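The structure under discussion appears below in the form of structure tokens.
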Amino acid sequence: MNSASLSSFSSLPSLSNETRMIATPWSRMVRGIGLGQYPVAYDPAAAERIRRTFALLDAKGVMSNGYHRFSRLMAEFVLGVADPAGPLRGSGPEAELGPILEAVRAEENPYFRLMAGCILMDSFAKLGLDPGLLVNADTDFPAEILAVADSIEPDRIEDENAGRHGQYEKLSAYSAVFLAIGQLGLGERLVAGRRNYVREALGLLEEIPAPFFRGRGGAVLLSVISLLGYGRFISGEGRDHIKEVLDHLDRADELNNPPVFPQPMSEGFPKVYPLLTMLNAIAMTGRPEEYLTHGRDRLAQAKELMGRITPVERTHMGLYHVMALHNLGRLDEQVPDLDALVEEIVGQWVHIDPGANYFLNGIAYAYVIQTAVLTGRTDLITDKTLDRLVDGFPDLNRTDDDRVNRPYPFAYTLNVLGEIGRADLLFEPREAYGDASPMAWVIDQLSAGGREEPRLYMLDHALIGYALRMRGPALKETPLYGEFRFPGATATTGLGGA
């Protein structure tokens, strides 16, 4: 496929700060933060696809779930504000806001209630709406959502790592709500009141026993705190939380508490993943050189671990590695031939069957495509690449585990295809689906009400993100992101391709 048919992207030096901080789909699809990146003009055809998808989900009985109801209302609200000819442009959003607030408050699971509230606040900021609609004499929605974090208990995540998380979920909740409150310009609330929430959240780090989860979750929290300008709490008050996390990562073999993945992974994968996310957090501090040499040469460690994981695992981790090095201003030094590296990572699609399993293979293509796009190498993405990805979902009927988790890779795929302007491939009839569209087929395969699919909510996030992108390119970056500067970053050269 000619790269000119993809959405227009700049390569690394011109990426927004939001993308540099949240480049990979994990936080967006799993945690709902950083949705709606790469804004474009409103597209009625894309809006109709989103509405049609929610209608299909409704027909499957999915809307009996509170989070899905919120997501449908949220997407419709965003589309109504984004549409230049829409009703909300004339009457204002107040009338439509009430049902969304009601849906958020009705969600019984506290983590999902908080996540929904954060998506609403983040969307407000990105749409340029008046925060006074959420904070006024009658309501204080940010305070309400912040308070929800107090009800999130440890080890409540029901997945293959049940019992290994500790306070991972509450830490992730704080990351999301801090970011959302900062997006509304209310970050001072977190440190100026009766409670110092930033200090409390940092204290949760040592309550996450597994190095993998402490590093990966901690990296997001530390990045958000740096973005908000509260780095003094990270490395002040007699301790340094970044150094403590790095020290904990170094104890991975001793602690012997590795995460469980849906497919067998190499010994190096659970070590390199949290390290790379921590490198990106380090890039957002004012002291990268100190941290990069704490305990050992962290860049050399990352390079060595990247060499120990399998090629398909490198499709996942390659984007994390490139973005961290870029944000640190060390990409040219560490990767003298970036084109060759990107060609190696992206070229792996030929050897990866996306329908072999839902995790290792199933989400690899999303990382491959985003790596190509964000490094300016859209020429490496062909029609064959996209066809193989889009036609692979029927194969996930091979096992019950793959079947019920099919929404996981499908959400990643919708997200990345929307970002490159090829979401149409999921909404048009295809032979692999008996002439149904992939979207209609995947939804038809869901259990009644979507009750068996634990990660169906990720499709909600992909749809909301798809809608939020249509707010228009003039609303590219909020003040919170626009005013931030990566302390160690410099312009990266040597990018080729498109």
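The values are calculated or read from the model by the stated rules, or taken from the named source; none is laboratory data. Predicted, not measured: the structure shown is a model, and the values here were computed from it. All Cβ positions, glycine included, derive from the backbone under ideal geometry; neighbour counts span all protein chains shown. All accessible areas refer to the heavy atoms of the entire protein, side chains included, with ligands and DNA or RNA removed. Shrake-Rupley method; radii C 1.70, N 1.55, O 1.52, S 1.80 Å.
Among the residues of the range 284-317, which ones are open to solvent by less than 20 Å² (accessible area, probe 1.4 Å), touching a residue at least 40 places away in the same chain (Cβ under 8 Å) and in a helix (DSSP H, G or I)? Within the range 284-317, PRO288, TYR291, ARG298, GLU313, THR315, HIS316, MET317 qualify.
One line per residue, one yes/no per condition, for (1) open to solvent by 20 Å² or more (accessible area, probe 1.4 Å); (2) modelled with pLDDT of 95 or more; (3) in a loop (DSSP other than H, G, I, E, B):
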| site | (1), (2), (3) |
| --- | --- |
| GLU18 | no, yes, no |
| SER27 | no, no, no |
| ILE33 | no, yes, yes |
| TYR38 | yes, no, yes |
| ALA46 | no, yes, no |
| ARG49 | yes, yes, no |
| THR53 | no, yes, no |
| LEU56 | yes, yes, no |
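For the range 58-111: of the residues being of a type in the set (Lys, Arg) and assigned to a helix (DSSP H, G or I), which is nearest to ALA440 (Cα to Cα)? Break it down into steps so the answer makes sense when it comes.
So the first thing to find is which residues in the range 58-111 are of a type in the set (Lys, Arg), and the list is 60, 69, 72, 89, 105.
Checking the rest, the ones that are also assigned to a helix (DSSP H, G or I) come to 69, 72, 89, 105.
On the way: ARG69: 19, ARG72: 17, ARG89: 31, ARG105: 30 Å.
Checking each candidate, the answer is ARG72.
When LEU463 is tested against the conditions (1) touching a Lys or Arg at 6+ places or on another chain (Cβ under 7 Å); (2) among the hydrophobic types (A, V, I, L, M, F, W, C); (3) under 18 Å from SER64 (Cβ atoms), the lone failure is (1).
Report yes if some residue within the range 426-433 is farther than 21 Å from ARG28 by Cβ, in a helix (DSSP H, G or I), open to solvent by 40 Å² or more (accessible area, probe 1.4 Å) and modelled with pLDDT under 95; otherwise report no. Walk me through it before giving the result.
Step one: filter the range 426-433 for residues farther than 21 Å from ARG28 by Cβ, giving 428-433.
Among the residues that remain, those that are also in a helix (DSSP H, G or I) are: 431-433.
This time we only want the ones that are open to solvent by 40 Å² or more (accessible area, probe 1.4 Å), so: 431-432.
Filter once more, keeping what is modelled with pLDDT under 95: none.
No; the residues of the range 426-433 include none that is farther than 21 Å from ARG28 by Cβ, in a helix (DSSP H, G or I), open to solvent by 40 Å² or more (accessible area, probe 1.4 Å) and modelled with pLDDT under 95.
For (1) aromatic (Phe, Trp, Tyr); (2) in a helix (DSSP H, G or I); (3) surrounded by fewer than 20 Cβ atoms within 10 Å (Cβ to Cβ), each residue gets a yes or a no:
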| site | (1), (2), (3) |
| --- | --- |
| ASP339 | no, yes, yes |
| VAL346 | no, yes, no |
| GLY355 | no, no, no |
| ASN361 | no, no, no |
| ARG388 | no, yes, yes |
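In this structure, does ASP122 turn out to be in a loop (DSSP other than H, G, I, E, B) and either at pLDDT 95 or above or open to solvent by 50 Å² or more (accessible area, probe 1.4 Å) (or both)? No.
Here GLY392 passes the criteria (1) in contact with a Pro (Cβ under 7 Å, 6 or more places away or on another chain); (2) under 27 Å from PHE70 (Cβ atoms); (3) of a type outside the set (Phe, Trp, Tyr) except the one numbered (2). Surrounded by fewer than 21 Cβ atoms within 10 Å (Cβ to Cβ) and without any contact (Cβ under 8 Å) to a residue 12 or more places away in the chain: does that describe GLY86? When the stated conditions are applied, GLY86 passes them.
Please tell me if LEU127 is open to solvent by less than 10 Å² (accessible area, probe 1.4 Å), of a type in the set (A, V, I, L, M, F, W, C) and under 22 Å from the mean Cα position of the chain (by Cα).
Working: open to solvent by less than 10 Å² (accessible area, probe 1.4 Å): no; of a type in the set (A, V, I, L, M, F, W, C): yes; under 22 Å from the mean Cα position of the chain (by Cα): yes.
For LEU127, the condition - open to solvent by less than 10 Å² (accessible area, probe 1.4 Å), of a type in the set (A, V, I, L, M, F, W, C) and under 22 Å from the mean Cα position of the chain (by Cα) - is not met.
Here VAL442 meets each of (1) modelled with pLDDT of 95 or more; (2) open to solvent by 10 Å² or more (accessible area, probe 1.4 Å); (3) of a type in the set (Val, Ile, Thr) with one exception, condition (2). Restricted to helices (runs of 4 or more DSSP H) entirely inside the range 159-266, those with at least 3 residues that are within 27 Å of PRO142 (Cβ to Cβ) and among the β-branched types (Val, Ile, Thr) are 211-228.
Evaluation of GLY421 against the conditions (1) open to solvent by 10 Å² or more (accessible area, probe 1.4 Å); (2) assigned to a helix (DSSP H, G or I) shows that the sole unmet condition is (2).
Residues of the range 224-233 that are surrounded by fewer than 24 Cβ atoms within 10 Å (Cβ to Cβ) and in contact (Cβ under 8 Å) with a residue 40 or more places away in the chain: SER226, LEU227, LEU228, GLY229, TYR230, GLY231, PHE233.
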